[in-house]
1. Just to be sure I understand, how many residues within the range 25-36 are open to solvent by 90 Å² or more (accessible area, probe 1.4 Å), within 22 Å of residue 6 (Cα to Cα) and in a loop (DSSP other than H, G, I, E, B)?
2. Would you please name the residue that is farthest from residue 96 (Cα to Cα), looking only at residues in the range 37-53 that are out of contact with any helix residue (DSSP H, G or I) (no Cβ under 9 Å at 6 or more places or on another chain) and assigned to a helix (DSSP H, G or I)?
3. Is it true that residue 96 is under 19 Å from residue 3 (Cβ atoms), open to solvent by 60 Å² or more (accessible area, probe 1.4 Å) and either part of a helix (DSSP H, G or I) or touching a strand residue (DSSP E or B) at 6+ places or on another chain (Cβ under 6 Å) (or both)?
4. Within the range 11-24, identify whether any single residue is within 24 Å of residue 99 (Cβ to Cβ), polar (S, T, N, Q) and open to solvent by less than 40 Å² (accessible area, probe 1.4 Å), and answer yes or no.
5. I need the full set of residues from the range 57-79 which are touching a helix residue (DSSP H, G or I) at 6+ places or on another chain (Cβ under 8 Å), open to solvent by 30 Å² or more (accessible area, probe 1.4 Å) and farther than 14 Å from residue 108 by Cβ, in order please.
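The values are calculated or read from the model by the stated rules, or taken from the named source; none is laboratory data. This structure is a prediction, so every number in the text was calculated from the model and none was measured. Note that each Cβ is placed from the backbone with ideal geometry, even for glycine, and that neighbours are counted across all protein chains shown. Accessible surface is based on the protein model in full, side chains and every heavy atom, while ligands, DNA and RNA are left aside. Shrake-Rupley method; radii C 1.70, N 1.55, O 1.52, S 1.80 Å.
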Amino acid sequence: VHRLPITPLMQRLIDDVSTGDVVFPDANGRALATNQLGKYLRVNHPDICKFTAHDLRRTVATHLRDLGYLNMEIGMLLNHSGTGITDIYARGRPMQRLETMLNDWHSRLNELIN
């Protein structure tokens with residue numbers, strides 16, 4: 001299980017689009033599979049060009065690097081498993097740091113939108 005803090009912006013977006021327990025429902029009302037996100041958006045928002053969930057991950061990672069975050073930190077946010085010796089011993093998820101990263105991304109996103 002990959003746990004991330006819910007930031008105020010994330011909560012507002014979830015509240016805006018959620019119709020129940022599922023934020024992005026499939027045709028049967030079940031949670032949409034990650035690999036179906038692009039298709040869901042193309043069908044429900046045809047003004048958006050074709051992309052995949054990996055494009056979103058790449059965009060966030062690129063901007064976080066531009067904001068000065070280290071690859072190791074970005075990897076934690078993206079749920080990449082570490083392969084180094086330190087990763088074997090240091091297993092915690094510093095939620096406060098992840099929340100700071102997400103809030104910094106939201107600030108950058110607001111800059112881009114405005």
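1. 1
2. 43
3. In short, yes.
4. So far as the range 11-24 goes, yes, one or more of its residues are within 24 Å of residue 99 (Cβ to Cβ), polar (S, T, N, Q) and open to solvent by less than 40 Å² (accessible area, probe 1.4 Å).
5. 71, 76, listed by residue number.
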